Ligand code: 13P
């Protein structure tokens, strides 16, 4: 499944339209920074409304968050999933955070994604990032068994934002994790990964793919290009239509890559 970050209605609508056109489901990601912003609850309500009206099956997930009270608040507000990200905490604290998040999520019928190893790079700002600590397969088995997480984000050479060197994924490590862990595995930082590499990762066990930076680039390019036309006549509809179309086209291309992959 493809998971795409939305900072506003345009991006969320674009993800749902692309999914509908492709005939797949989709996850709309809300960054914790957006949610914790002053009107984050209103934005979440808007994204949930987009998902509810979507012709494609759509779920809203709160992305990377290490604060239990924020995870709880998003779950109470109706998200289908949260990412309880304790990757930067000591191991036992990561286990405790995720186990608590899972217990709360169960009450709401929602799911939890966790991270082990450390995926470097900021989730909302694209800078050149270098690869962080890789996920240890043995520890991943222990982690999933002890937390009950529904999905595990792996660090196998992937980063958020821009890759500072041509990306290389440790697919052997991914296969080793997959052989020990029954929960679905997710790949963050899919922006900038060549399609063939993404497909190989899916073939080696990835089941959820997160994309953000490429959407922001498309959105900003479309904004820049359509601005003169929009300003001529003060037409916001022109601007919004261009933003939706640009993001939709990136999402559609990613979903096509996902759909063209097969599991081993
Ligand atoms: P990119 O911004 O590198 O696509 O990463 C997105 C992501 O993993 C969101 O959690």
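Readers should treat all values here as calculations from the given coordinates under stated rules, not as data from a laboratory. A quick note: this is a predicted structure, and the numbers were derived from the prediction, not measured. Neighbour counts are summed over all protein chains in view; Cβ atoms, including those assigned to glycine, are modelled from backbone coordinates with ideal geometry.
Round to the nearest 0.05 the FRET efficiency obtained for residue 223 and residue 77 when R0 = 30 Å and r is the Cβ-Cβ distance. Efficiency, rounded to the nearest 0.05: 0.55.
Each of the peptides 207-215, 232-240, 152-160 was scored by the mean count of other Cβ atoms within 10 Å over its residues; in descending order, highest first, they stand as 152-160, 207-215, 232-240. Modelled spin labels at residue 232 and residue 179, positioned 7 Å past Cα toward Cβ, are 6.2 nm from each other. Cα-based radius of gyration for the chain, normalised by 2.2 N^0.38 Å, reads 0.98. The packing ranking, built from the mean of other Cβ atoms within 10 Å per residue, places the peptides 130-136, 186-192 in the order 186-192, 130-136, highest first. Rounded to 0.05, the FRET efficiency of the residue 133 and residue 203 pair, given R0 = 25 Å and the Cβ-Cβ distance, is 0.55. Stretched out straight at 0.36 nm per residue, the stretch from residue 24 to residue 52 would grow longer than its current Cα-Cα span by 8.6 nm.
Quick check: from the Cα gyration tensor, does the stretch 57-163 come out rounded (a/c under 1.5), prolate or oblate?
Judged from the Cα gyration tensor, the stretch 57-163 comes out oblate (a/c at least 1.5, b/c at or above a/b).
For the stretch 109-193, the equivalent ellipsoid built from the Cα gyration tensor has semi-axes of 23, 15, 10 Å, listed from largest to smallest. For residue 92 and residue 261, the difference between the fully extended length at 0.36 nm per residue and the C-alpha to C-alpha distance is 57.3 nm. Dividing the convex hull volume of the alpha-carbon atoms in the stretch 211-264 by its residue count gives 59 Å³ per residue. Each Cα pair under 8 Å and six or more residues apart adds its sequence gap; the mean of these over the residue count of the chain is a relative contact order of 18 percent. The stretch between residue 42 and residue 107 holds 21.1 nm of extra length on full extension. This uses 0.36 nm per residue minus the Cα-Cα distance. Across the alpha-carbon set of the stretch 2-116, the Rg to Rh ratio works out to 0.98, Rh being the Kirkwood radius.
Projection of the Cα convex hull of the stretch 84-146, averaged over all directions and equal to a quarter of that hull's surface, yields 4.9 nm².
Equivalent ellipsoid of the stretch 1-57: semi-axes from √(5λ) of the C-alpha gyration tensor, largest first, are 21, 11, 8 Å.
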